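The values are calculated or read from the model by the stated rules, or taken from the named source; none is laboratory data. None of these values were measured; they are calculated from a predicted model. Virtual Cβ from ideal backbone geometry, glycine too; neighbours counted across all protein chains shown.
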Amino acid sequence: MLSQPLPVSIITGFLGSGKTTLLNRLLQHPALANSLVIINEFGEVGIDHLLVSTPIENMRLLSNGCLCCAVRGELVETLADAAQKRSEGVVPPFERVLVETTGLADPVPIIQTIVTDEEISQSYRLDTVIGLVDAVHAQSQFDNHAEAAKQVAVSDLLLVSKTDMADQHQLAELEGRLRDINRGVDILRVVQGVVDPQLLFGRGTPSPLAKVGDVERWLGGRVDHGAPDCDLDGHEHCQHHDHVDSRHDNDIRTFTLFHDEPATPQAVTTWLTMLASFKGANLLRVKGLINVEGRAVVIHAVQTVIHEPIELKEWPSPDKRSRVVFIVRHMRREELERSLDVLSIGDTHPGENRLDPKAYAQFVEMVKTFV
């Protein structure tokens with residue numbers, strides 16, 4: 001186990017989106033010194049001319065000080081082995097990790113490993129999910145492959161590649177569609193994989209000391225005067241969010257909902273657990289700022305993976321309503337609105353992490369209408 005969990009960023013993207021080109025650039029950049037980059041196969045990325053040494057069988061030390069590692073077996077084994085070799089001094093003390101996924105891979109199992117695996121979560125923490133998007137072919141990929149849209153939905157940062165092969169109208173239309181799928185995502189345009197590596201990190205869940213702008217950006221807009229009735233499902237327009245057309249992207253929809261009453265910690269836990277248990281497969285992403293007994297608490301979930309809530313040092317705005325951004329598939333606004341009623345369930349037993357019988361009975365009735 002490491003003294004402090006190291007940040008892990010994930011690079012995902014559909015086939016041909018430019019992951020290998022991006023990795024080739026990154027592995028030569030001085031900013032990747034003291035980093036560990038985990039790739040699928042050494043043969044796919046040209047690093048022979050950068051090779052300095054081979055500390056262990058599946059690792060290569062490159063001339064810029066970056067360690068490159070090929071996955072051997074399961075990712076959890078690769079991460080655990082790297083942490084152990086770092087602690088033993090067998091490999092240089094890398095300070096962060098970048099993981100490549102395959103083109104058809106669902107990034108959620110990797111997120112789940114980093115967040116929930118007991119051994120891995122002691123040595124690593126999830127930082128940023130980076131999605132590569134092909135400017136030329138992404139539109140058809142979204143129409144025909146649910147995986148492509150899902151990769152966008154769970155990303156914190158999108159890199160639109162091949163922008164030199166698309167005109168400005170195509171790029172604007174694509175970026176509008178990307179924001180329809182993932183309202184708060186950051187988007188950068190890249191050509192031939194050229195990007196400042198520093199822009200790839202630190203874009204995940206806000207820290208306790210996050211600034212107002214960071215929280216606003218992460219939630220996808222100003223947190224003090226949102227549009228509670230804004231629905232980006234292709235039917236309702238609202239003044240704060242424009243979208244290009246009425247595509248549903250495999251029925252992926254984005255909703256922002258508000259809740260006026262403060263919640264107890266137990267109510268928040270119960271609500272998140274209910275969502276993950278009964279609707280996890282359809283719950284591509286949930287991120288929000290919740291009023292927990294007057295405190296500002298950031299929550300984040302991806303399908304059945306619930307991140308540890310983070311309490312902010314202060315509210316980012318005078319508006320202390322809870323607000324939640326849902327990115328879902330095959331779910332209606334009414335279902336999500338109904339789920340928020342759980343945040344209003346009654347008091348808990350003092351000093352105990354359980355609901356009183358009346359509150360529990362109320363919760364059971366809500367579940368019956370939700371499932």
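If the condition is being within 20 Å of Arg323 (Cβ to Cβ) and either touching an Asp or Glu at 6+ places or on another chain (Cβ under 9 Å) or not acidic (Asp, Glu) (or both), then segment 261-272 contributes Pro262, Ala263, Thr264, Pro265, Ala267, Val268, Thr269, Thr270, Trp271, Leu272.
Going through segment 178-189 one residue at a time, which ones are surrounded by fewer than 20 Cβ atoms within 10 Å (Cβ to Cβ) and either out of contact with any helix residue (DSSP H, G or I) (no Cβ under 6 Å at 6 or more places or on another chain) or part of a helix (DSSP H, G or I) (or both)? Those that are surrounded by fewer than 20 Cβ atoms within 10 Å (Cβ to Cβ) and either out of contact with any helix residue (DSSP H, G or I) (no Cβ under 6 Å at 6 or more places or on another chain) or part of a helix (DSSP H, G or I) (or both): Asp186, Leu188. The residues of segment 123-176 that are under 19 Å from Gln112 (Cα atoms) and assigned to a strand (DSSP E or B), listed by number, are Tyr124, Arg125, Leu126, Asp127, Thr128, Val129, Ile130, Gly131, Leu157.
Does Asp134 satisfy being buried (at least 18 other Cβ atoms within 10 Å of the Cβ), in contact (Cβ under 8 Å) with a residue 12 or more places away in the chain, closer than 21 Å to Gln4 by Cβ and of a type in the set (Asp, Glu)? Answer is no for this residue. With respect to (1) more than 24 Å from Gln151 (Cα to Cα); (2) in contact with a Gly (Cβ under 7 Å, 6 or more places away or on another chain), the lone exception for Asp81 is condition (2).
Answer yes or no: is there a residue in segment 190-205 that is under 21 Å from Leu15 (Cβ atoms) and basic (Lys, Arg). There is no residue in segment 190-205 that is under 21 Å from Leu15 (Cβ atoms) and basic (Lys, Arg).
The residues in segment 2-13 that are surrounded by fewer than 24 Cβ atoms within 10 Å (Cβ to Cβ) and either under 20 Å from the mean Cα position of the chain (by Cα) or in a helix (DSSP H, G or I) (or both) can be counted, and the count is 4.
Every condition in (1) within 25 Å of the chain's Cα centre (by Cα); (2) modelled with pLDDT under 85 holds for Ala361 except the one numbered (1). Residues in segment 307-324: is at least one closer than 17 Å to Leu272 by Cβ, out of contact with any strand residue (DSSP E or B) (no Cβ under 8 Å at 6 or more places or on another chain) and modelled with pLDDT of 85 or more? Yes, segment 307-324 contains a residue that is closer than 17 Å to Leu272 by Cβ, out of contact with any strand residue (DSSP E or B) (no Cβ under 8 Å at 6 or more places or on another chain) and modelled with pLDDT of 85 or more. Any residue at all in segment 75-86 that is of a type in the set (A, V, I, L, M), touching a strand residue (DSSP E or B) at 6+ places or on another chain (Cβ under 8 Å), closer than 16 Å to Val152 by Cβ and in the same structural domain as Thr21 (by TED's automatic domain parsing)? The answer is no, given that none of the residues of segment 75-86 is of a type in the set (A, V, I, L, M), touching a strand residue (DSSP E or B) at 6+ places or on another chain (Cβ under 8 Å), closer than 16 Å to Val152 by Cβ and in the same structural domain as Thr21 (by TED's automatic domain parsing). Taken over segment 321-336, the criterion of being surrounded by fewer than 15 Cβ atoms within 10 Å (Cβ to Cβ) and in contact (Cβ under 8 Å) with a residue 40 or more places away in the chain is satisfied by His330 alone. Of the residues making up segment 235-273, those that are assigned to a loop (DSSP other than H, G, I, E, B), surrounded by fewer than 16 Cβ atoms within 10 Å (Cβ to Cβ) and modelled with pLDDT of 80 or more are Asp251, Asp260, Glu261.
Residues that are under 29 Å from His300 (Cβ atoms) and at pLDDT 90 or above: which strands (runs of 3 or more DSSP E) entirely in segment 45-119 hold 2 or more of them?
Values: elements: 51-53, 59-62, 67-70, 96-100.
In segment 45-119, 96-100 are the strands (runs of 3 or more DSSP E) which contain 2 or more residues that are under 29 Å from His300 (Cβ atoms) and at pLDDT 90 or above.
Any chance segment 344-356 includes a residue that's part of a helix (DSSP H, G or I) and either among the basic types (Lys, Arg) or at pLDDT below 90 (or both)? Lay out the reasoning, then the answer.
From segment 344-356, those part of a helix (DSSP H, G or I) are 344; that's our starting set.
Adding the requirement that they be either among the basic types (Lys, Arg) or at pLDDT below 90 (or both) leaves 344.
Checking segment 344-356: at least one residue is part of a helix (DSSP H, G or I) and either among the basic types (Lys, Arg) or at pLDDT below 90 (or both).
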